[in-house]
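Scroll down for the structure; my scribbles are underneath it.
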Amino acid sequence: MSRQSRLIYSPEYTNYYFHDDHPFNQRRLLLTHDLLQAYQLLRDEDILTPRLATDEELELVHDPRYIQFVREQGETDEVLALAVGYGLGTEDVPCFRHMHEASSLIVGGTLQAVDAVMNGQAEHAFNPAGGLHHAFRGRASGFCIYNDCSVAIAYLRKHWNARVLYIDTDAHHGDGVQWAFYDDPNVLTVSLHETGKYLFPGTGNTTERGDGQGYGFSVNIPLDAYTEDDSFLEVYQKLIPKLVRGFQPDVILTQNGCDAHAYDPLTHLSCSMKVYQQIPRLAHEMAHTYCSGRWIAVGGGGYDIWRVVPRAWTLLWSEMSDQPLADDIEIPASWQEQWQPRSELILPSRLFDDPFPAIPRRAEITEKNRVTLERAILHAPIG
Amino acid sequence: MRIEDIMRKNLVTASPATTIGEALLLLRLNRIRHLPILENEQLVGLVSDRDLRDALPSSLITRDDDDAILHKPVSEIMHTQVITAHPLEFIEDAAVQIYENKIGSLPVVEGTRLVGMITESDLFNSLIELFGVNKPSSHIEVEVDDRAGMLAEVSQVFRDAKVNVCSVVVYPGKKIGTKSLVFRVQTMDPRNLLHLLHERGFTVIGPTNGGVGS
């Protein structure tokens, strides 16, 4: 059994905490960690403890004034006057004590994953706390304060001059990362998401293809609401190998938000756990075929923290660490016993979902997604 | 919003003596389609890429006088009756002018001095900004009766939900006697807002009935 993977994990990740009623809750990482242990998929030597990102590292992407403000805001209980201008103190990104440190730990975790992979300590690494893809250079957005994905890509560019393929399968468009590298032909950003017609952030149209030298190096697949597994995977599996062959990346960074699931309260893509088995499987295969295995995965969205996130990211780690789980495997009783009393929702009894009721107009949605895919790759590097 | 807020101020211009060949090059290099012609800083004419192309012979035949055409001055083909706008007019006035006259741009003139240009693309760009599409936001569409006070009632819900609105557009409704209010709101989690809207009896058009998947 290959043990070439690292999980970046610390219970301190839960310090990134807005308030009890906020949908973004890193408690999901505790549930995930415990489920991995219950399945006996984790050994002590698999785990790396995250470090804090330095200001210099954050400044690869973020405005120093913004970093300074986040630090100051985290030292007080009052919301400072300038907060709203920085996207903070809003309903989406409320302020909290020590927010700079909590956010820097998440970025540091992703950088640690990068270091482990690029220095050859491991082939793959997964930082489930990362994936905060909405944050901008000088502004918090969509639950995200610092953008660990963008910082990691800039760090890969700076220290290894690597060509980076970024694949974002969160149900929301990966806008922060896209705009950060919009004119860079060495970073190919790919986002599959629910169409922005209704959903936040509203961007991610097929026509957003990059700018200047980077034209063609942003690819967006806005999927229709109620896309479901088969159409989602058809598009993903057609798209990714073409882009990998055309772009020839040195390393793959995947953002593995799991909010496309039918149980997710914020989105409408209606996928099941099957996609969270298949998404990392293809990324893993591509990394071995084209990038000498170099694959870094981060978390992302996922707002059903009880029923979806622990299972989805367990599947990711199972794929990454070559420890496959059977399709009919049950959820360990010990995990259910531990967490059921704290959840208002009935926890699932199996790793995979029973089929959900079919959505009317499935054929039409499938067809529309195919057309979207064709449009999306018109000017992209494909091979 | 006024024209002076969105007009282009870095202008590429030519004089009546500029040759057709030079004018073509100016348009190509600057990726523009309209060239105002100035004489002593006064606007005296306008040529578009179409006017210049009309002046050229067909690309399918070769003729000896091609070169002669490229060396002729633009004064021979420029429009001298130019429809212009004033910087203090509203952008919707510019849209009406461009639409009704079926033209592609308006030179913006203060007195007789050219101060800017506004084109179809600038208006489209403003439309994108007005709809708030360029800001991270969720889209909320509410169908209401076409009577006084509805917008205020709906807005009250946004206020109660403490959600910041980036843009509001009012459309005629699909049914007679209704209007569609389309808001772009700065939140990734509109659940509470949607709940409040439902609770107060408003009809919200969501992806279930607004998109393909109905």
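The values are calculated or read from the model by the stated rules, or taken from the named source; none is laboratory data. Computed from a predicted model, the values in this text were never measured in an experiment. Cβ placement follows ideal geometry from the backbone for every residue including glycine, while neighbour counts extend to all protein chains displayed. What goes into the accessible areas is simple: the full protein's heavy atoms, side chains included, and nothing from ligands, DNA or RNA. Shrake-Rupley method; radii C 1.70, N 1.55, O 1.52, S 1.80 Å.
Miscellaneous remarks
- Selection status of B:GLU110, acidic (Asp, Glu) and either away from chain A (no Cβ under 14 Å) or in contact with a strand residue (DSSP E or B) (Cβ under 6 Å, 6 or more places away or on another chain) (or both): yes
- When A:TYR198 is tested against the conditions (1) more than 22 Å from A:ARG137 (Cα to Cα); (2) in contact with a strand residue (DSSP E or B) (Cβ under 6 Å, 6 or more places away or on another chain); (3) not in a loop (DSSP other than H, G, I, E, B), the lone failure is (3).
- Failed item, numbered, when A:GLY174 is tested on (1) more than 14 Å from chain B (Cβ to nearest Cβ); (2) closer than 23 Å to A:GLY138 by Cα: (1)
- Residue check, A:LEU52 over 25 Å from B:VAL165 (Cβ atoms), within 19 Å of the chain's Cα centre (by Cα) and of a type outside the set (D, E, K, R): no
- Contacts under 9 angstrom Cβ, first residue in the stretch A:204-220 being over 17 Å from A:TYR236 (Cα atoms) and among the basic types (Lys, Arg), partner open to solvent by 80 Å² or more (accessible area, probe 1.4 Å) and part of a loop (DSSP other than H, G, I, E, B), 6 or more apart: A:ARG209/A:TYR215; A:ARG209/A:LEU378; A:ARG209/A:HIS379
- Filter pass, B:THR84 being touching a His at 6+ places or on another chain (Cβ under 7 Å) and at negative phi: no
- Checked against (1) in contact with a helix residue (DSSP H, G or I) (Cβ under 7 Å, 6 or more places away or on another chain); (2) under 14 Å from A:MET273 (Cβ atoms); (3) within 14 Å of chain B (Cβ to nearest Cβ), A:ASP304 meets all criteria but (1).
- The residue that is most open to solvent (accessible area, probe 1.4 Å), among those in the stretch B:1-36 that are part of a helix (DSSP H, G or I), free of Cβ contacts under 8 Å to residues at least 60 places away in the same chain and under 20 Å from B:VAL115 (Cβ atoms), is B:ASN30.
- Taken together, the residues in the stretch A:204-221 that are farther than 11 Å from A:VAL190 by Cα and hydroxyl-bearing (Ser, Thr, Tyr) amount to 2.
- Selection from the stretch A:240-264 of residues that are under 19 Å from the mean Cα position of the chain (by Cα) and farther than 24 Å from A:ASP148 by Cβ: A:ALA262, A:TYR263
- Of the residues examined, A:ASP63 is not one that is exposed (fewer than 15 other Cβ atoms within 10 Å of the Cβ) and either out of contact with any His (no Cβ under 8 Å at 6 or more places or on another chain) or under 30 Å from A:SER321 (Cα atoms) (or both).
- All told, B:GLY149 meets the bar of being more than 29 Å from the chain's Cα centre (by Cα) and either aliphatic (A, V, I, L, M) or open to solvent by 20 Å² or more (accessible area, probe 1.4 Å) (or both).
- B:THR119 in contact with a His (Cβ under 9 Å, 6 or more places away or on another chain) and touching a residue at least 12 places away in the same chain (Cβ under 8 Å): yes
- Hits in the stretch A:50-68 - residues which are without any contact (Cβ under 8 Å) to a residue 24 or more places away in the chain and part of a helix (DSSP H, G or I): A:ASP55, A:GLU56, A:PRO64, A:GLN68
- Residues satisfying the stated conditions in the stretch A:187-201, i.e. crowded, with 24+ Cβ neighbours inside 10 Å and of a type in the set (Phe, Trp, Tyr): A:PHE200
- Per the listing B:THR119, B:THR187, the residue uniquely closer than 30 Å to B:TYR99 by Cα, among the polar types (S, T, N, Q), surrounded by 17 or more Cβ atoms within 10 Å (Cβ to Cβ) and within 30 Å of the chain's Cα centre (by Cα) is B:THR119.
- Residue in the stretch A:357-367 that is away from chain B (no Cβ under 14 Å) and of a type in the set (Ser, Thr, Tyr) present: no
Let's see how each residue does on (1) at pLDDT below 95; (2) surrounded by fewer than 24 Cβ atoms within 10 Å (Cβ to Cβ); (3) in contact with a His (Cβ under 6 Å, 6 or more places away or on another chain):
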{"site": "A:THR254", "(1), (2), (3)": "no, no, no"}
{"site": "A:HIS261", "(1), (2), (3)": "no, no, no"}
{"site": "A:MET286", "(1), (2), (3)": "no, yes, no"}
{"site": "A:VAL308", "(1), (2), (3)": "no, no, yes"}
{"site": "A:GLU319", "(1), (2), (3)": "no, no, yes"}
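- Residue count for the stretch A:16-45, restricted to those that are away from chain B (no Cβ under 14 Å), open to solvent by 10 Å² or more (accessible area, probe 1.4 Å) and within 19 Å of the chain's Cα centre (by Cα): 4.
- Restricting attention to the stretch A:334-378, the residues that are free of Cβ contacts under 8 Å to residues at least 40 places away in the same chain and buried (at least 18 other Cβ atoms within 10 Å of the Cβ) add up to 1.
- Among (1) more than 30 Å from A:PHE247 (Cβ to Cβ); (2) aliphatic (A, V, I, L, M); (3) part of a helix (DSSP H, G or I) - the single one A:LEU345 does not satisfy: (3)
- When the test is whether a residue is among the hydroxyl-bearing types (Ser, Thr, Tyr) and within 14 Å of chain B (Cβ to nearest Cβ), A:THR372 passes it.
- Residue in the stretch A:196-208 that is at pLDDT 95 or above, more than 13 Å from every other protein chain (Cβ to nearest Cβ) and either closer than 23 Å to A:PRO64 by Cα or touching a Ser or Thr at 6+ places or on another chain (Cβ under 7 Å) (or both) present: yes
- A:GLU364 at pLDDT below 95 and of a type outside the set (S, T, N, Q): yes
- The number of residues in the stretch A:211-230 that are more than 13 Å from chain B (Cβ to nearest Cβ), open to solvent by 10 Å² or more (accessible area, probe 1.4 Å) and not in a helix (DSSP H, G or I) comes to 3.
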